[in-house]
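No lab work stands behind these numbers, since they all come straight from the coordinates. Computed from a prediction, not measured in an experiment: that's the story for all the values here. Here Cβ is always computed from backbone atoms with ideal geometry, including for glycine, and neighbour counts include all displayed protein chains.
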Amino acid sequence: MVFSWLHLAIILFLVLGALFATGPLLVGAVLSPRARGGDIGMSYECGIEPQGDARARFSVSYYIYALIFLAFDVDVLYLFPVAVQYRLTVGWTAFFEVMAFLFFLGLSIVYFWAKGVFTWPRKIRL
């Protein structure tokens, strides 16, 4: 295999990408001030003594909402390239493909609704 300038460019791109990704982490670890004292892990409440524990646990229902949001957000991102290329298509094929995609997306909403995912918990403990 012959080594070309394209190979050098790819290797340089990978090395510089790794340096840009790890460089700020290493610089921050080296130059950051070291923790002194026991209050470094306490939560900050505007100069007032903290009351209770600041590390409250969230209900699982919040995580389910976040996962559903991410899933639908990624699905909607697939529609942007389709919308850009839609005017270049000929015939009804692209229209039916988009409608099938939206149908299955809507079907998943109906499925989540039927499973009771969108019902908010009655009792929320803080």
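For the range 60-114, what class follows from the C-alpha gyration tensor (a ≥ b ≥ c being the square roots of its eigenvalues): rounded when a/c is under 1.5, otherwise prolate if a/b is larger than b/c, else oblate?
Values: a/c = 7.09, a/b = 2.09, b/c = 3.40.
Here the range 60-114 falls in the oblate category.
Give me a comma-separated list of calculated 3J(HN,Hα) values for the range 63-75, in order, Karplus coefficients 6.51, -1.76, 1.60 applied at θ = phi - 60°, integers in Hz, x for any Gly or Pro.
Using θ = phi - 60°, the values come out as 5, 5, 4, 5, 5, 5, 4, 4, 5, 6, 5, 5, 5 Hz.
Sort S4, S108 so the one with the fewest other Cβ atoms within 10 Å of its own Cβ comes first.
Details: S4 9, S108 14.
So the ranking, lowest neighbour count to highest, is S4, S108.
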